[in-house]
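To start, the structure itself, in structure tokens.
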Amino acid sequence: MTADIAIRNARILDGSGGPGFAGDVAVERGRIVAVGAGVGAAREEIDAGGLCLAPGFVDVHAHDDGAFIRHPDMRFKLAQGVTTCVCGNCGFSAVPALPGADRAAASGGILAGLEGDFTDLEGYFDAVLARGPAINNMMLVGHNTVRAQVMGFDQRAPTAGELDRMKGLVRRALEQGACGFSTGLIYRPGRWSETEEVIELAREARAFGALYATHMRDERDNLLGAVDETLRIGREAGVHAHISHHKSAGRRNWGKVGASLAKVDAAIAAGQRVTLDVYPYTAGSGRMIEYFDLDRVDEDLADVMRIATCPPFRELEGRMVRDIAAERGMGVAEVVRAILTAPKGERTLCIQFIIDEADVETNLRHADMMIGSDGIPELDGKPHPRLFGTFPRVLGEYVRRRSVLRLEEAVRRMTSIPADTFGLADRGRIREGAHADLVLFDPAAIADLATYDDPKRTPAGVAMVLVNGQTALRDGEQTAARAGRMLRYRRGAYRAD
Ligand code: ZN
Ligand code: CU
């Protein structure tokens, strides 16, 4: 039998975390059919030249629900070696949606680009597939989206009937293949929920063996209380809890990630299923309006904030709020109010330098810590560079330059652990029978080139990417292949089951 593609002379990092080994990989009809020394002939022969061949990277924290429709080439992820995104994070998901409604409304623009008349996950998947996505997509169903559909932006607990309707919407998405239920408990309307409401909804994931993924209620002064709430939700709902973009935000809280991880470790030791992800940057990013009470602007936060995308004032994109204030002889609070109260000002995205570099390293050193970009795919203005650089940055900066992680271990955090946790069946490992999602990269050259000033630069050192057996990127250039699939959660895939 002649395979479709043979990749020869590679250093194979199979995703297990074990030492790399020299060998070949053969691909046939979208699957890996042989791994080892001297696989048979193939129609297309590729000499890897000794570069590293790994399973395609999994971005476990993505907000690309709309990007899959607006930018189906998914260039900013594919060029990093990412072959699957987990979307629907932070409580914001493409579905459920009401017929005719603005699908991005509840997310306030984070999910901009969601076009189509879909209302459920099946419909959304069809809409994405019609555009020809370059990479795979796995979805979470979001609390903010579900709550907004049932209760609007009411600041109260749901009635029994409303709770039932929310549960039904969560269940329907899980039935159609979502890998779990996500929350964003700092955002509207999720922040108005009591813990009990979240437990009730997360419990829907239990029957599916699915996840509860959370942007916790507090990542600042009450980080530890928020971790306690997350662990309680996981325990009482009987689900695997996943903490998104683990951090301790604001200078006075730096270092608390140690205590937070200790709580997680204690829960794991007691038999609870808990996992986490982190992005390799010291700045967060999001919708500016979510971070401020306009009557009492947090000046410490405004002082470390930079403008990413600003529809009313494009000239401010890429500038620090404090520099704008100094130039205009205004206070930072005044600048914040001027931006947010201008027409379309609520669509402003910001970048805030709130994280300690030492905490990023502490997170990356934690056992099984996964990598999630948290990139917001708004390409106007100057987005956070994590959208274009996250995975090469971990491999170039934290593996090669700082030796925080071994290369094989970093690859494991980006491949097999996410595949097992987020239920990506037959992905995340190089072995016979697995889907042929593969990335070939140069471990000596891989690097993020995206910076805060020039955030849309393609990373260096990624030579080739295969998605479902098709060459999606070759010699660093994207091909016309559009082989991405919409993935359905395979229950029970997590290794602790
Ligand atoms: Zn978040
Ligand atoms: Cu997020």
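The values are calculated or read from the model by the stated rules, or taken from the named source; none is laboratory data. Note that the structure is a prediction, hence the values are computed from the model and not measured. Please note: Cβ atoms are built from the backbone with ideal geometry, for glycine as well, and neighbour counts cover all protein chains shown. Note: accessible area is taken over every heavy atom of the protein model, side chains too, but ligands, DNA and RNA are not part of it. Shrake-Rupley method; radii C 1.70, N 1.55, O 1.52, S 1.80 Å.
Some notes on this structure:
- Positions within region 82-117 being open to solvent by 10 Å² or more (accessible area, probe 1.4 Å), within 16 Å of ligand 1 (Cβ to nearest atom) and at positive phi, in sequence order: G108, G109
- Residues of region 140-148 include at least one that is within 16 Å of ligand 1 (Cβ to nearest atom) and under 27 Å from A269 (Cα atoms).
- Members of region 453-468 found to be crowded, with 21+ Cβ neighbours inside 10 Å and in a loop (DSSP other than H, G, I, E, B), listed by number: P455, P459, G461, N468
- Selection status of D323, modelled with pLDDT under 95 and of a type outside the set (A, V, I, L, M, F, W, C): no
One line per residue, one yes/no per condition, for (1) modelled with pLDDT of 95 or more; (2) closer than 14 Å to H63 by Cα:
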residue	(1), (2)
S93	yes, yes
P99	no, no
L121	yes, no
Y124	yes, no
P133	yes, no
M139	yes, yes
V150	yes, no
A160	yes, no
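- Only residues that are open to solvent by 40 Å² or more (accessible area, probe 1.4 Å) and either at pLDDT below 95 or assigned to a loop (DSSP other than H, G, I, E, B) (or both) were counted in region 478-491, giving 6.
- Filter pass, V128 being touching a Leu at 6+ places or on another chain (Cβ under 7 Å) and open to solvent by less than 30 Å² (accessible area, probe 1.4 Å): no
- Criterion: open to solvent by 30 Å² or more (accessible area, probe 1.4 Å), of a type in the set (A, V, I, L, M) and in a loop (DSSP other than H, G, I, E, B) - qualifying residue of A450, A444: A444
- S248 falls short on exactly one of the conditions (1) closer than 22 Å to E378 by Cβ; (2) in contact (Cβ under 8 Å) with a residue 60 or more places away in the chain; (3) among the polar types (S, T, N, Q), and that condition is (1).
- The one condition from (1) of a type in the set (D, E, K, R); (2) under 17 Å from F441 (Cα atoms); (3) within 16 Å of ligand 1 (Cβ to nearest atom) that D64 does not meet is (2).
- Among the conditions (1) over 22 Å from A67 (Cβ atoms); (2) surrounded by fewer than 24 Cβ atoms within 10 Å (Cβ to Cβ); (3) out of contact with any Asp or Glu (no Cβ under 6 Å at 6 or more places or on another chain), the only one that K167 does not satisfy is (3).
- Any chance A283 is surrounded by fewer than 20 Cβ atoms within 10 Å (Cβ to Cβ), within 16 Å of ligand 1 (Cβ to nearest atom) and under 23 Å from the mean Cα position of the chain (by Cα): yes
- When A37 is tested against the conditions (1) out of contact with any Gly (no Cβ under 7 Å at 6 or more places or on another chain); (2) open to solvent by 20 Å² or more (accessible area, probe 1.4 Å), the lone failure is (1).
- Only listed residue being away from ligand 2 (no atom under 16 Å from the Cβ) and either over 30 Å from A445 (Cα atoms) or polar (S, T, N, Q) (or both), chosen from A54, A127: A127
- Residue match in region 390-407 (condition: surrounded by fewer than 20 Cβ atoms within 10 Å (Cβ to Cβ), within 17 Å of L13 (Cβ to Cβ) and of a type in the set (D, E, K, R)): yes
- So A205, is it touching a Pro at 6+ places or on another chain (Cβ under 8 Å), at pLDDT 95 or above and under 24 Å from D120 (Cβ atoms): no
- Only a single item in (1) closer than 23 Å to V60 by Cβ; (2) more than 16 Å from ligand 2 (Cβ to nearest atom); (3) touching a residue at least 40 places away in the same chain (Cβ under 8 Å) is not met by E204, and it is number (3).
- Residue match in region 238-253 (condition: open to solvent by 60 Å² or more (accessible area, probe 1.4 Å) and either touching a Ser or Thr at 6+ places or on another chain (Cβ under 9 Å) or closer than 26 Å to G88 by Cα (or both)): no
- Residue in region 388-411 that is within 16 Å of ligand 1 (Cβ to nearest atom) and out of contact with any Lys or Arg (no Cβ under 8 Å at 6 or more places or on another chain) present: yes
- Residues that are over 16 Å from the mean Cα position of the chain (by Cα) and either over 21 Å from T348 (Cβ atoms) or at pLDDT 95 or above (or both), drawn from region 369-394: K382
- Under the condition of being in contact with an Asp or Glu (Cβ under 8 Å, 6 or more places away or on another chain) and within 16 Å of ligand 2 (Cβ to nearest atom), the residues counted in region 207-236 number 3.
The rows are residues; the columns are (1) in a strand (DSSP E or B); (2) touching a residue at least 60 places away in the same chain (Cβ under 8 Å); (3) open to solvent by 50 Å² or more (accessible area, probe 1.4 Å).
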{"position": "I7", "(1), (2), (3)": "yes, yes, no"}
{"position": "D14", "(1), (2), (3)": "no, yes, no"}
{"position": "G17", "(1), (2), (3)": "no, yes, no"}
{"position": "R43", "(1), (2), (3)": "yes, no, yes"}
{"position": "G50", "(1), (2), (3)": "no, no, no"}
{"position": "A54", "(1), (2), (3)": "yes, yes, no"}
{"position": "V58", "(1), (2), (3)": "yes, yes, no"}
{"position": "A62", "(1), (2), (3)": "no, yes, no"}
